[in-house]
Amino acid sequence: MSDQVSRIEDEAMQSAIARALRAHEDSGRTGIAAAVIFNGKVITTAENHVNQNGDPTRHAEIVALNEAAEILSVDELASCTLISTLQPCEMCLSAIRFCGIERIVFAARKASVAGKYFVFPKLELEDFYAAGGAFSHVGGVREQEVVHLYADGEE
């Protein structure tokens, strides 16, 4: 466990990675998973639904954020932490900001994966942070356990 993540964040990452690996092994499913932590407890873990729903916006982070908002019956998730097996893309980072998420913990970093996961290759996570400044982030957590899924963009 990294000194930068809590025990619950590390456990949530382990669970999300296990789910991503299972999804990767199943035909037609994408090996990306995300979770939301609220008050020291994982309230939802979700995976990418792009292929299942034919909807390019149903990334794991978006699905998890939606489920968390429903579970908590709120439209703002400021007191929550988002866990993801892959560094959130630009669309997901925007959704994260709109939801008010204050902390993001992710495994595979942009620099370690295929370019297909980021449509604005020159827009970096630090640019989002500099523009809004309201979230902290820790990347590379358990990266070696999952990075192979995203190395060639064929997860």
Q. Quick one: of the DSSP bridges fully inside the chain, what percent are antiparallel, nearest 5?
A. 60
Q.
If I require 15 Å or longer along the helix axis, counting alpha carbons, and a Kyte-Doolittle average no lower than -1.0, what helices from the chain are left? Use full DSSP H segments.
A. 7-25, 60-72
**Q.** Residue-span extension gain [Asp152 to Ala111] - 0.36 nm each, minus C-alpha spacing
**A.** 13.5 nm
Q | Probe 1.4 Å - accessible area at Arg97, Å² to nearest ten | A | 70
Q: Search the structure for amide H atoms under 5 Å from the amide H of Leu77, placed 1.01 Å from N in the peptide plane, and list their residues when 5 or more places away or on another chain.
A: Gly100, Ile101
Q: Taking just the C-alpha trace of the range 37-155, give me its Rg and Dmax in Å.
A: 13.7, 38
(Q) At 7 Å along Cα-to-Cβ for each site, give me the label-to-label distance between Lys122 and Ser15 in nm. (A) 4.1
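The values are calculated or read from the model by the stated rules, or taken from the named source; none is laboratory data. Quantities reported herein were computed from a predicted structural model and do not represent experimental measurements. For neighbour counting, all protein chains shown are included, and Cβ atoms are generated from backbone atoms with ideal geometry for every residue, glycine included. Areas reflect the complete protein model, heavy atoms only, side chains present, ligands, DNA and RNA absent. Shrake-Rupley method; radii C 1.70, N 1.55, O 1.52, S 1.80 Å.
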